[in-house]
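The values are calculated or read from the model by the stated rules, or taken from the named source; none is laboratory data. Keep in mind that what you see is a predicted model, and the values were worked out from it rather than measured. Using ideal geometry, Cβ is built from the backbone for each residue, glycine included, and neighbour counts are taken over all protein chains shown. Note: areas computed on protein heavy atoms with side chains; ligands, DNA, RNA excluded. Shrake-Rupley method; radii C 1.70, N 1.55, O 1.52, S 1.80 Å.
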Amino acid sequence: MMNRSVSFEIFRYAAILLALAITLVPTLWMASMAFKPIAEWSAAGADLTWWPKNPTLDNFRFIFGTSTSDLIVALDRTAGKPILSSLLSAVFGTLVAMSCGTAAAYGLSRFGSGQNLPLALIQLRLFPPMAVMIPVMIMWAFLGLVDSWWGLALIYGIVTLPFAFWLMKTFFDDMPREIEDAALVEGCSRTRVFMKITLPMMRPALASSALFVFILNWSDYLIALLLTTREWVTIPVYMASLSSSMTGQLYGAKAALGLIAAVPPVVMGIAIQRHLVRGLTFGALKQ
Amino acid sequence: MTAIHLENLVKRFGAFTALKTMDLEIRDGEFMALLGPSGCGKSTTMNMIAGMESPSKGRILFDGRDMNGVAMGRRGVGFVFQNYAIFTHMNVYDNLAYGLRVRGLPEREVDGRVRKIADFLQLTPLLKQPSAKLSVNILQRLAIGRSAIVEPAIFLLDEPLSNVDAAFRAVMRTELKHLQRQFRQTMVYVTHDQLEAMTMADRIAVMDHGVLQQVGTPLEVYNDPVNLFVAGFIGSPGMNLLKGSLADSDRGLVVDLGELGRTAPLPPQLAAAARSNAGRDVVYGFRPERVSLSETGEGMPMPVTFIERIGARTIAHLGTGEQRVKAVFDNDVAAESASTVAVAIEPASVRLFDAATGVAIREA
């Protein structure tokens, strides 16, 4: 019995380590590569090591245009604008999705009847994105929204709205009505109940839903590829362009950019970790 | 300090009728308990009084004023929810102050009243604590305090003690009664716990399956249940109810209980009522506390199935087949399982019910 549980524990930790290795090794490899000079990351180097032998910030300097490093390429644009574009479109897209999604979820959770609308919203996601993107390109071109961060933010908001809606609806459904009734019975108006009681109590739910939606928007490639051309390309689109005819893929530069791209979600995750861990303790209920 | 009048109140949820034509007068300053098993319609009734649900039919009057269409915030009721519904994003102080702030009272007055009610409910040391991590007992007091602080004319409590531990429940029963005496509100208290209803209420409204069964003082519903449901529901254990039929004997009218034999003659007034009743099939009822074991061997012989000794009391399980009897004694009794004892029932405690309708047969 004892032996069995020990061998089970060994197996368990081995499985965990394997899973960690599969996810972490490539990530750490990227982080290490970001600080390697070209000789160490290119195939020509043929001398791959875990730690950079000559750590350098050249890759970062390169993508921000202050150095051409040892590459005999000059970029036609720097990473600054794509980072700004990604930030603006993802943040405002998240705002659009969260505000519309939260309002719709609250309305349907408290006053809605039937399941048709919620299901219809999720069905939007069953559509292959490619099938809708061309019509969207035409519409965006008509509206003059192509190649702008606000055009991207709008489509991001629309595309992630079902997620925001469904996440928030689940949270609203779980929140006991008695808490709102308790405020209503004191003479509080519906609007005030929503603003002063419901939303504040929903803070953890809002934070985790917003993070989820933000990550979806932040990592989009397809939509940005089709809807931006030059001015407002986002990080993923820009990253794809980091190659040269002479050296092929610029892995070092891509790694540096990838590292930068990982920062916002990680920072947000840490910032709301308290909420994510604490979860939802509505009204300290029995049940 | 408001009388509540429920007039032909009906509540349907789709095809389901939660409440069937209820009429109830709750007097000004009265402590009324709505008592019944879960699903009996008591919470629905309460929610309609508060204005959270609107009646399908009928009217709710506060001091003669029709409340139909009056928003719940304007009815002047306080409501304590079963799950407390504490605002967990606020601390204890802000929870208590909530109702007063909604009403726009100046902060100085809010502060004074919060401190007063906190003192009364022994919450003073906890005022600055976040309310998310309080114990159930504290939450319960906080919920009462949050509603009581605005001194509502009508105080509605929905099973407020069902989640707290037994010892604290006993304390709160006393405190709630004390609270009501102090503020003299009209109090409506929903519970499935008859002990709470019996100890606190001025009157009890017993409900079952959406039908109001009986309204009366605790002793009235205990002593003179109007039907079989109330007889079986009130009391712990409930009234013994044995099926039988009326039979004449040379000593007067008795009830033939089949396997258990015949009862002692019914008291004259009850016998007269029974004779004028249409049916001959009756249910013979008596309280387990009104049974004694006869030393002389006189009385009905009953087999003992087992004896429960629970310290202060002894419960004897007697009878055979469907005719089961529980007898409660203050002290230990000299009866053993599998023996047969002679059972004497206090004649004045006997109640008869019509077997067909379940309605009590009462002296005219």
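If you go through segment B:13-57 and keep only what is part of a strand (DSSP E or B) and more than 24 Å from B:Val230 (Cα to Cα), you end up with B:Phe13, B:Lys57. Check whether at least one residue in segment A:267-283 is surrounded by fewer than 20 Cβ atoms within 10 Å (Cβ to Cβ), closer than 18 Å to A:Phe62 by Cβ and at pLDDT below 75, and report yes or no. No, because not a single residue in segment A:267-283 is surrounded by fewer than 20 Cβ atoms within 10 Å (Cβ to Cβ), closer than 18 Å to A:Phe62 by Cβ and at pLDDT below 75.
Taking the numbered list (1) in a helix (DSSP H, G or I); (2) away from chain B (no Cβ under 14 Å); (3) open to solvent by 40 Å² or more (accessible area, probe 1.4 Å); (4) in contact (Cβ under 8 Å) with a residue 60 or more places away in the chain in turn, A:Ser209 passes all entries but (3). Of all residues in segment B:151-184, those satisfying the criterion of being open to solvent by 30 Å² or more (accessible area, probe 1.4 Å), free of Cβ contacts under 8 Å to residues at least 60 places away in the same chain and more than 27 Å from B:Arg65 (Cβ to Cβ) are B:Asp165, B:Ala166, B:Ala167, B:Arg169, B:Ala170, B:Val171, B:Arg173, B:Thr174, B:Glu175, B:His178. For the residues B:Val283, B:Val333, B:Val341, the requirement of being over 32 Å from the mean Cα position of the chain (by Cα) and within 23 Å of B:Ser236 (Cα to Cα) singles out B:Val341. The set of residues in segment B:46-62 that are within 14 Å of another protein chain (Cβ to nearest Cβ) and on the phi > 0 side of the Ramachandran plot contains only B:Gly51. Out of the residues in segment B:81-93 meeting the condition of being within 16 Å of B:Ala148 (Cβ to Cβ) and more than 9 Å from chain A (Cβ to nearest Cβ), tell me which one is surrounded by the most Cβ atoms within 10 Å (Cβ to Cβ). The residue in question is B:Val92.
The set of residues in segment B:301-328 that are under 26 Å from the mean Cα position of the chain (by Cα) and of a type in the set (A, V, I, L, M) comprises B:Ile310, B:Ala312, B:Ile315, B:Ala316, B:Val325, B:Ala327, B:Val328.
Among all residues of segment B:284-293, there is none that is in contact with a strand residue (DSSP E or B) (Cβ under 7 Å, 6 or more places away or on another chain), more than 20 Å from B:Phe329 (Cβ to Cβ) and surrounded by fewer than 20 Cβ atoms within 10 Å (Cβ to Cβ). Residues in segment A:186-199 that are at pLDDT 90 or above and facing chain B (nearest Cβ under 7 Å): A:Ile197 only. When B:Met67 is tested against (1) open to solvent by 10 Å² or more (accessible area, probe 1.4 Å); (2) without any contact (Cβ under 8 Å) to a residue 40 or more places away in the chain, only condition (1) is not met.
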